[in-house]
Every structure is written in structure tokens, then in C-alpha cells.
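Just so it is clear, none of the values below were taken in a lab; they were calculated from the coordinates. Since the structure is predicted, the reported quantities are computational estimates derived from the model, not experimental observations. Using ideal geometry, Cβ is built from the backbone for each residue, glycine included, and neighbour counts are taken over all protein chains shown.
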Amino acid sequence: MQAIKSILYYLNPIARLGNKNYSLFFPTFTTIAIAIAIELYANILLKSPSAVGLPAIFFAVALVIYFSFRDGIKGGTIVAFIVVIYYLYLISELHYKGAQLTSGVDTTIALGSIYFFLAGVIGWLRQTIDGFIEREADERKRLQIILQQLPVGILITDSEGRITQGNKQAEIILGIKIPIGFKVGSRNLVPSIHNGKPFNPNHTPLLQVLQTTKPVVKKEFLLQRSDGKTVDLEVSAAPIQNKAGKTIAAALIFSDITRQKEIEARKDDFVNMASHELKTPLTSMKLYIDVLHERIKPFQDGKTIHILSKVKNQTQNLQDLVNDLLDVSRLQTGKLSFKKERIRLDTLISDTLEQLKGASGKQKIIFEKKRPLYIDGDAFRIYQVITNLIGNAIKYSGGKGDIIVTLTLNQHRAVVGVQDYGIGIDKSHQKKIFDRLYQVTDTEEKTFPGFGMGLYISKEIIKKHKGKIWVESEKGKGSIFYFTLPLSK
Ligand code: ADP
């Protein structure tokens, strides 16, 4: 069976496409053998030497086409060359003379030219196709090597979600041999946890990508491997589309971020501990400063009182910073608790603005479109968000223009807006400013003190209240920060 297959492969020029082992021996041998066969057929079987004419032309055309397609230009040319020699031999063997000889030589030249032309064109076609195939194969090999050497795990599926490839790193991270042909979605390759819950394999990023064609970016999973190890994974997935835009495959790219997570957790622990340790002495300091303030009042020593109020302000700033640090670390560890009470939002905003009056200097904070709206939530945390947005509006407008706060209603949601006419925020930063510790570091923004925690805390607080927060802004013209909260039922 194998032998038959090998012979068929050897003879079939189409099966050999991409195989550049062109033979010279095979076309030479076959052509000479067929020429001898024709000679024997005409001389011995038919006993008429002139009967070779037609078979000699027929076989020559077939051999040139076949061998130029099987063995390229060289294969076709060698056949054409042998055929021409054979024709010349026939002319001499048949003892042509005069007009017969001239016509025989002319025919040989004409046919020979056609054979060489055919050998050239078909042989060139064959060699070009082989070149393309080879280049494609090289490209694929190069991609394979890159894929295997990448420091991230990669799984590739076909359009149905069946795994077609995986690299070495994928096996190392997952701790299993990649099951080629496995259909994703039926079960998890390795049991894992996502957002604190066992992960439903039906929602695997690979399936999501195949169904929606939208890439999935940096989702985190906790793998529970069969060897008992747990591994933090960061996973992204992307569809692979053909020129017509049809999804033909999907790729999953993942890396082991366990170590990174450990360092982050240690850092959070440290910040949490340090802020706790700072909180108590700061509270006592503030109390002592107040006592000192009261005791010094009767002496009417203006300079000392001024210095003391500066100390008090700075202590307050330090305390705000420590509180922010504590909130961030509690948010990270999921330990920030929220009360749920019925709040009249317009009153809460008015009260907050009343408290902030002193901080805005000459700038007026105007509360517009007031209306009585009730929400359910934690009044202190909402107060914190409003204070932060107004604090930023004051800070980043440098005294320019008023600050306008609005409260409106949109589809059963309260919408709070805080508008300033300050430095504004470029589009490229508008989403990122809500990330933890993100600050715009352009020259202008660098002059303002801050740590990039306020908006992150605000976003998390609003998220916990099932609301949304975003900014609309134009660089140089000012910003409006909005947040929404569902109304109380
Ligand atoms: P911080 O103000 O302490 O740096 P935030 O989280 O409150 O931190 O804000 C993050 C960043 O967003 C700021 O560093 C600033 O660049 C930008 N930003 C926030 N509010 C405004 C605003 N009203 N106008 C212009 N830029 C702002």
C-alpha cells in the first residue's frame, strides 16, 4: 500500500507541488524509452519505418507538457532536446532527399521551437508555484518558532472553537498537555475562578471572541491546577479574520501574573499598615493643635495664631491623604464597607457645598437645577465623591470662572454634574484618570499637587452604588464630571 502511494506520489506532478526535487534522469530515461518503443512498434510490429510520424509527435507533446510540469524548465527542456535529436535521427534513417529533406528539417525546427517554448512556459509556471509554496511554508515555520518561543501562553482555535495549536509556555502555565481538537466551552481546561466565583466555561474569552468578534483585554483568572498549585492568569483574546472580514480562528494569550500579584498584595498590606499607624498620631496631633489654639487665643499673638492655623491646615491635608490611602487599600482588598440609607441628594449636595465654601476662595460654587431626588446609599461616601469632584474643579481651574453643580433626572437616575472652566483634560487621558494612581503628567498638570487617588475612589464608590461616572472635557476650556445614581424605589 505504502509502495503504491510512493509510486503515485512520484508520478503525480500535482501531488509534488512544492517539492523542488526536480529530476533530470526520469525525463531523460522515459523519453529515450518511449522513442525506442515507438521505433520497435513501427519497425517490428508494423514493419513500416515511416509509421513513426504520428506517435512521435503525440508522445513528444505529452512528454514535454508532463515533464515540464513535473520537473520544471530543465525537465521539459531535456525532453524537447531528446525529441529533436530523435526527429533528426528519423530523417537520416528514412534517407530523405531534396524537397523531402528540407520539409523534414523545417518541420523538426518548427516542432522543436514549440516544444522548447512549452517547456519554458510550463516549467516556469511550475517553478513559480513551487516558489510561492516554499515562501508560505517558510513563513509558517518562522511563525511556529516565534509562537513556541514567546514568553506568554498561546492557544489557537478554529472558527468552531476547537483547539488547533498551543505553545510550550501554555503547557507550562496550565500544567497540562494541550488537547488538540478540544472544543472550548464544554468544560474548563483547568478549573478556575473569576471575580471570586467558579468560572463558567461557557463564558470563556475564546468563545466570546468567536461570537462577538470583539477582542477581550486583560481579564484576570485564578487557576486551580490539578497539581495543587494556584496560578493568577491575565488573559486576552482576539479574533483572527480573513481578508473578507470573516472570523476564521481565535487566539488566547495569557501570562502568569502570580508573582506580580504577590508583590502588589504585599505593597497594599504595607500601605494599609502604614496608614493605620499614621492615623492615630495624626488624630491626636489635630486635637493637641486645637487645644493649643484655644490656649493661645487670650494672648492675642497674631503671628503664632497664624503659624498654628498653617500647621492645622497641613495636618488636615496629611489626614486627608492618609484617609485616601486607607480607602484605596480597603477597596483593593474589598474591605470598604457601605451603608444603605435613604438620602435626599439635593440636600446632601447643598450641605456639602456649604462646607466647601471656604475652600473655593473668590470662585463661586453655584448649585443649579436643584430638585428633590432620593437615592439609597452611603451619605458619607457620596459626600466624599462630591467633595473630591469640587476639590479637583477648584484645584484645576486656578481661580478661573465659577464652578457649577447641577442635579437633574434622566430615566430614573439622578445625574450630578460638576463643571469648571479650568485647564481641561485631553481626550487621550479622559478614561485613564479614573484608574488607580493615574495622573496626567503634562507640564501644566505637573504643577498641581496630588496622588491620583481621588477619582479612583470616586469611581469605585459610584460603582458600588450601581451608578456611572465619566467626564466630558476639552483641553484648555474646562471639564464637566458627571455621575449617576439610581433613584430610591
Ligand atoms: P489628583 O487630583 O490627586 O491627582 P485625581 O484622581 O482626583 O487625583 O485626578 C486624577 C487626574 O485627573 C489629575 O491628576 C488631573 O490630571 C486630572 N483631573 C481631575 N480633575 C480634573 C479637572 N477638573 N480638570 C482637569 N484635570 C483634572
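Structural remarks
- Candidates GLU472, GLU445, filtered to the one that is acidic (Asp, Glu) and closer than 20 Å to ILE349 by Cβ: GLU472
- Near pairs, Cβ below 8 angstrom, 6+ apart or cross-chain, from region 423-437 (on the phi > 0 side of the Ramachandran plot) to any residue that is within 7 Å of the ligand (Cβ to nearest atom) and not small (Gly, Ala, Ser): LEU437/PHE451; LEU437/MET453; LEU437/TYR456
- Residues (of a type in the set (Ser, Thr, Tyr) and surrounded by 11 or more Cβ atoms within 10 Å (Cβ to Cβ)) located in region 306-339: SER309, THR315, SER329, THR333
- Selection of region 191-210 for residues being part of a strand (DSSP E or B) and surrounded by 19 or more Cβ atoms within 10 Å (Cβ to Cβ) yields only SER192.
- Residue match in region 347-360 (condition: of a type in the set (D, E, K, R) and either within 37 Å of the chain's Cα centre (by Cα) or under 24 Å from ALA274 (Cβ atoms) (or both)): no
- Of the residues ILE91, ILE57, the single one that is in contact with a Leu (Cβ under 9 Å, 6 or more places away or on another chain) and touching a residue at least 40 places away in the same chain (Cβ under 8 Å) is ILE57.
- Set VAL418, VAL440, VAL405: member being farther than 24 Å from LYS362 by Cβ and of a type in the set (Val, Ile, Thr): VAL440
- The set of residues in region 161-184 that are touching a residue at least 24 places away in the same chain (Cβ under 8 Å) and buried (at least 17 other Cβ atoms within 10 Å of the Cβ) comprises GLY161, ALA170, ILE173, LEU174, VAL184.
- For region 249-264, the condition holds for at least one residue, the condition being that it is among the charged types (D, E, K, R) and surrounded by 14 or more Cβ atoms within 10 Å (Cβ to Cβ).
- Residue within region 74-82 that is among the hydroxyl-bearing types (Ser, Thr, Tyr) and in a helix (DSSP H, G or I) present: yes
- Extreme residue, nearest to the ligand (Cβ to nearest atom), among residues of region 474-489 that are assigned to a strand (DSSP E or B) and under 21 Å from TYR396 (Cβ atoms): SER479
- Of the criteria (1) within 16 Å of the ligand (Cβ to nearest atom); (2) assigned to a strand (DSSP E or B); (3) not basic (Lys, Arg), which one SER329 fails: (2)
- Elements of type helices (runs of 4 or more DSSP H) in region 364-473, at least 1 residues being buried (at least 18 other Cβ atoms within 10 Å of the Cβ), among the aromatic types (Phe, Trp, Tyr) and near the ligand (Cβ under 9 Å from one of its atoms): 454-464
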